Amino acid sequence: MLKRLVLVAALCVAPALVRAQEGGLSIKAGLSYDHVSNSGALPGSVTQRSGIAFGVSAVSSGTIGLGIDVLYAQRGVTSSVATAARHLDYLDVPVYVRVALPMASMMPFAYAGPQASFELKCGAGSLNCPDTGRPKAAFAGVIGGGLRFGARRGVSVEGRYVYGLTDLKLSTVSTTTSYQTRSFLLLAGIGF
């Protein structure tokens, strides 16, 4: 229910944000590089999970403005033991303050703000993740920057770091301490 409410709110706010500030909409896609802090003693060798991210973005124009994204993103960890892997797929909704320096042919920008993420799927190898009381909604802080080439309908490239704040409650054999995601996204966008 919470996922639907946030998605509806994001879809309602985005057009108003764009119209009110003469900003633009864009489609974004790219790669997500993820790891989990404090991986504990998961069986086998644990490594980061690389995945994809894609979605839509609405940003206001001007030097200082607001932005909101709705992105599908893959996170988690992989392991040499299939049942120890945690492949988490999320719907990310970051809302951020954006600072841009409009120039003739390009516009560098930076942004920061909070993010709510809603779990769409969790896989452990070919199985579903065990129920460990893991929250289905997670919160994070985002910071990023990039370049937009051309006008509102131009192409953009950006890098984004997502610092997870919510304990994912991943079960391991050695520790019960907090587990949060840490992600780096490389995204390209096309405005329309």
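Tabulated results
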quantity: Residues (touching a Lys or Arg at 6+ places or on another chain (Cβ under 9 Å), closer than 15 Å to TYR33 by Cβ and modelled with pLDDT of 95 or more) located in segment 55-98; calculated: LEU71
quantity: Single condition THR181 does not satisfy, out of (1) modelled with pLDDT of 80 or more; (2) closer than 20 Å to LEU31 by Cβ; (3) surrounded by 15 or more Cβ atoms within 10 Å (Cβ to Cβ); calculated: (1)
quantity: Counted residues, segment 136-172 - those being at pLDDT below 90 and exposed (fewer than 13 other Cβ atoms within 10 Å of the Cβ); calculated: 4
quantity: Unmet requirement for THR176, which otherwise passes all of (1) farther than 20 Å from VAL70 by Cβ; (2) at pLDDT 90 or above; calculated: (2)
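The values are calculated or read from the model by the stated rules, or taken from the named source; none is laboratory data. Not measured: the values here are computed from a predicted model. FYI the Cβ positions are ideal-geometry reconstructions off the backbone, even for glycines, and counts take in every protein chain you see.
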